[in-house]
Structure formats: structure tokens, C-alpha cells
Amino acid sequence: MDLERLKHFLQDASIPIADKFGLAKLPENAHFIVASALFFWAVHLIFAPIVSRVLAPVSYGKLRSRNARNNWYVSKRPSNSAKQAHTTCRNIRVVSLVHSLIIIPFAFRNLYSPELDADRAFGWDKQYGYTASIACGYFIWDTFESSIHFTDVGFVIHGASSPCVHSKHH
């Protein structure tokens, strides 16, 4: 399947969701949302482990389980210490950092949009659509990540509710 056919497939598949929830712009941005989510999964599964190995080769290299590598930390004290200090450098934190490095410049571009200036609550322009799509894709990844590596229901709720905020204009 070529990319154009995939884009149309995703647009068509998103129409029932868009109609049900009143998300008029969703079909034209569905492919960006899916691409964003897949990008953040790739960062999590490929790029983050490489960065973690480079930043802390000894500590990260000792971890054997996938869950341990996902939530690893570097201890600053011996492991028998009751008050263990640690520095987080988790694979999931690398993804979060990449997201912030991408989304902040996009958000700043939106500050100077005449369309958004005209209606701060419900304004729309295509650049904002890209920004919201990237954010939605990230939080879709975050919801799945939080559900799979469950540590706290708050993380799952945060990940699941955030696309609702960013999709209000879709």
C-alpha cells in the first residue's frame, strides 16, 4: 500500500469517529496523528535505548528485563541504602524530551497565527492542526505506554485525557 492510499484509508477510517464526536478536522489530520504515534513508538523502542546506552553504558547495560530498561535509573548510592538517591534517565523520559523538543517550536509558530488570533478559543489554521496532531499522537503513545507498563492509574488517565484537550479543534 503506497502512502497516499494509506493516508486516504486513515482519513476514511476516522470519519465515523469524527462524526460521532464532532471532530470535523480529524479526517484531514488522522494520518499525522497516526504518524506521530508511530514516530514516538520508534523513539521509545529504537532511539531511547541507544541514547540510554550512550549516556550510562554500565548501568543501562546491566539491566536484563525490558521493564527494567524502560524504567531504569542510575543509583548514586549503594543499593543497600535505605534512602537511595537516583537520577532518572528512563527510556520513557527520552521520548518525553524528544516530544518537548518538537512540540515547543510548533507551539511558538502558532502564537503568530492571524487565524488563531481572531478566535483564541475555536480558531483554526493548518499549522495548528500539525501541532495538535503531534500532541495527540504523543499522548496516544503515552496512554499505551502507561497501560502496558502500569505503575499508577494517574499516568494512564493523564495520557488518555490529554488527546481530548488537543483534539477539541479537530
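So if we plug the beta-carbon distance of I104 and E4 into 1/(1 + (r/R0)^6) with R0 = 25 Å, what FRET efficiency do we get, rounded to 0.05? Efficiency computed from Cβ-Cβ geometry: 0.25. Taking 7 Å steps out from each Cα toward its Cβ at L111 and E28 produces label points 2.6 nm apart.
All of the numbers you see were taken from the coordinates with simple rules; none came from a lab. Small disclaimer: the values here were computed from a predicted structure and weren't measured. Neighbour counts run over all protein chains shown; Cβ positions are idealised from the backbone, glycine included.
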